[in-house]
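*Asks:* Before I ask anything, here is the structure I am working with.
The values are calculated or read from the model by the stated rules, or taken from the named source; none is laboratory data. Only a predicted model underlies this, so the values are computations on that prediction, with no experimental measurement involved. Cβ placement follows ideal geometry from the backbone for every residue including glycine, while neighbour counts extend to all protein chains displayed.
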Amino acid sequence: MGGGKTTRAACGGWICFEDEAGFTRRPPTGRTWGWRGITPVVKVNGRGSGRVSVAGLIAMRPGSRTRLCHRLRRHTGRKGERRSLSERDYIALVDGVHQLVKAPIVLVWDRLNTHVSHKMRDLIDARAWLTVFTLPAYAPELNAVEYLWAHVKHSLANLASVALGRLAALVCNRLKRLQYRPDVLDGFLAGTGLVIDLPPPSP
């Protein structure tokens with residue numbers, strides 16, 4: 001938890017799960033239909049490099065519609081270019097969600113080195129409305145966004161080779177569709193098996 005804040009200060013706020021994923025021009029494989037005895041083949045251009053990094057955040061609060069926000073970066077593979085999202089990228093995502101919901105946020109994420117760096121700790125401490133919890137090590141099943149990435153990657157399975165910009169557009173398209181499907185987002189949350197206990201009403 002960041003800054004010595006208490007969960008009492010976050011009562012009435014939103015619980016947010018965050019995770020990141022990477023997408024490359026080599027698509028994930030998946031099952032498909034084909035002629036018996038003939039294995040379908042997807043041709044992939046091995047030339048070129050690049051990667052699309054996405055940070056996704058699912059925000060929920062009992063009685064409110066579940067929301068999905070994301071932040072995307074394209075990495076072209078140029079020399080000296082950062083190959084992952086930075087602390088500023090993550091905190092910009094959280095700031096955007098805070099502006100959207102206009103309420104305190106309890107953020108739950110994993111122990112990625114960027115999440116627990118001194119720079120990130122200072123950024124968290126500077127935001128009185130933000131309380132952060134880190135998940136136990138090797139517990140992806142407790143993060144609802146892991147189920148989001150599995151869903152998105154399944155929808156991109158066997159995708160023929162595309163330009164990096166096109167790949168980024170496809171990922172954004174899949175995520176924007178899910179923004180209008182709170183029922184699916186609720187399913188990702190239910191997959192964690194976590195139960196939220198609401199505080200008793202004030203006398």
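*Asks:* Quick one: count up the residues across region 70-111 that are free of Cβ contacts under 8 Å to residues at least 60 places away in the same chain and in a strand (DSSP E or B).
*Replies:* Going through region 70-111 one residue at a time, the tally reaches 3.
*Asks:* While we're looking at this one, here's another question. What pairs can you find where one residue is in region 185-203 and of a type in the set (D, E), the other is assigned to a loop (DSSP other than H, G, I, E, B) and at pLDDT 70 or above, and their Cβ atoms are less than 6 Å apart, with a gap of 6+ or different chains?
*Replies:* Matching pairs, first to second residue: D186/T66.
*Asks:* M1 is checked against (1) closer than 24 Å to A144 by Cβ; (2) modelled with pLDDT under 90; (3) buried (at least 17 other Cβ atoms within 10 Å of the Cβ) and fails just one. What number does that condition carry?
*Replies:* Failing condition for M1: (3).
*Asks:* Let me ask something additional. Going through region 70-119 one residue at a time, which ones are on the phi < 0 side of the Ramachandran plot and basic (K, R)?
*Replies:* R71, R73, R74, R78, K79, R82, R83, R88, R111, K119
*Asks:* For region 187-198, does any single residue satisfy the condition of being assigned to a helix (DSSP H, G or I), touching a Gly at 6+ places or on another chain (Cβ under 7 Å) and buried (at least 17 other Cβ atoms within 10 Å of the Cβ)?
*Replies:* Taking every residue of region 187-198 in turn, none turns out to be assigned to a helix (DSSP H, G or I), touching a Gly at 6+ places or on another chain (Cβ under 7 Å) and buried (at least 17 other Cβ atoms within 10 Å of the Cβ).
*Asks:* Going through region 115-157 one residue at a time, which ones are surrounded by fewer than 17 Cβ atoms within 10 Å (Cβ to Cβ) and of a type in the set (S, T, N, Q)?
*Replies:* S117, T134, S155, listed by residue number.
*Asks:* Sort out which residues of region 152-184 are part of a helix (DSSP H, G or I) and without any contact (Cβ under 8 Å) to a residue 12 or more places away in the chain, and write them in order of number.
*Replies:* R166, A169, N173, K176, R177, D183
*Asks:* State whether the residues of region 70-81 include one that is in contact with a helix residue (DSSP H, G or I) (Cβ under 6 Å, 6 or more places away or on another chain), modelled with pLDDT under 95 and more than 17 Å from R174 (Cβ to Cβ).
*Replies:* Within region 70-81 (the criterion being in contact with a helix residue (DSSP H, G or I) (Cβ under 6 Å, 6 or more places away or on another chain), modelled with pLDDT under 95 and more than 17 Å from R174 (Cβ to Cβ)), the answer is no, since none of the residues qualifies.
*Asks:* Further question on the same structure: Among the residues of region 129-144, is any under 21 Å from A92 (Cβ atoms), in a loop (DSSP other than H, G, I, E, B) and in contact with a helix residue (DSSP H, G or I) (Cβ under 8 Å, 6 or more places away or on another chain)?
*Replies:* Yes, that holds for at least one residue.
*Asks:* Among the numbered criteria (1) buried (at least 19 other Cβ atoms within 10 Å of the Cβ); (2) among the small types (G, A, S); (3) touching a Ser or Thr at 6+ places or on another chain (Cβ under 8 Å); (4) at pLDDT below 95, which one does S84 miss?
*Replies:* (1)
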